[in-house]
Amino acid sequence: GAGVSQSPSNKVTEKGKDVELRCDPISGHTALYWYRQSLGQGLEFLIYFQGNSAPDKSGLPSDRFSAERTGGSVSTLTIQRTQQEDSAVYLCASSSEPGVEETQYFGPGTRLLVL
Amino acid sequence: AQSVTQPDIHITVSEGASLELRCNYSYGATPYLFWYVQSPGQGLQLLLKYFSGDTLVQGIKGFEAEFKRSQSSFNLRKPSVHWSDAAEYFCAVDTGRRALTFGSGTRLQVQP
């Protein structure tokens, strides 16, 4: 595709519910990242996928957060038992050349509001 | 651990005036450096990047940035600001651990 796409654009949920956020990277990009942008914490790294390697989950804030990437393309970020502090914009990025001189391209984000 | 500082939270300039947004990083070696821009309700758009070589890099929309190793800085500049440049600007570094580390952002307001 022309760029990274994310869905939904906005999601409102009730505390305690599970949510799934989707990211479709640029075609041919092998690396995929999730970041969270919140008022209090700024932009934070969550998780990184590269090809068939085990993901780098070092940024996930709790075990309620998980992500998968199917077929090396689309990724889903799942938040279980959502809390109000999970309210944020979740950004996905992809890159074609992981490692040296890597450039990440970002999607428009999913704005999550937990009531 | 690496960190990125954008000391100016909010800057207001008049349309047509010059602009400089500051960015300092803390890291033992020279990281890869980026500037991104985010318009309201939008994702991050890459303005420019520095990997190596010429320390003055040109980007899109008339922006440029200069890497100064001695000051650990990567300041963003534009000679004449347009109203459409109003947005939030983020400096980011890549120290080789894949994840980008971002500054807290500078919100630019442009007065007519």
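Here, each number is a calculation from the coordinates, and none is a lab measurement. What you see is a predicted model, and the numbers here were worked out from it, not measured in a lab. Cβ placement follows ideal geometry from the backbone for every residue including glycine, while neighbour counts extend to all protein chains displayed.
Descriptive notes on the structure:
- All C-alpha pair distances within region A:24-115, sorted into 5 Å bins from zero, spread as 3, 14, 25, 26, 17, 10, 4, 1, 0 percent across the bins.
- Inter-site label distance for B:Ser52 and A:Asn52 at 7 Å from Cα along Cβ, in nm: 3.1 nm
- Radius of gyration and Dmax over the Cα atoms of region A:18-59, both given in Å: 11.9, 34
- Residues of region A:16-57 with amide N under 16 Å of a point placed 7 Å along Cα→Cβ from A:Thr76: A:18-25
- Chain B, relative contact order in percent, only Cα pairs under 8 angstrom and at least six apart counted: 38 percent
- Projected onto their three principal axes, the Cα atoms of region B:42-99 cover extents of 34, 25, 17 Å, largest first.
- In region B:1-95, the inverse of the mean reciprocal separation of distinct Cα atoms equals 13.7 Å; this is its Kirkwood hydrodynamic radius.
- Fraction of alpha-carbon pairs over 34 Å apart in the protein assembly as shown - percent: 14 percent
- Restricting region B:52-112 to chymotrypsin sites (Phe, Trp or Tyr not before Pro) that sit in a DSSP loop and have at most 16 other Cβ atoms within 10 Å of their own Cβ leaves nothing.
- Kirkwood hydrodynamic radius of region A:64-113, from inverse mean 1/r over distinct Cα pairs, in Å: 12.7 Å
- FRET efficiency estimate (nearest 0.05) - Cβ-Cβ, B:Arg107 to A:Lys15, R0 25 angstrom: 0.25
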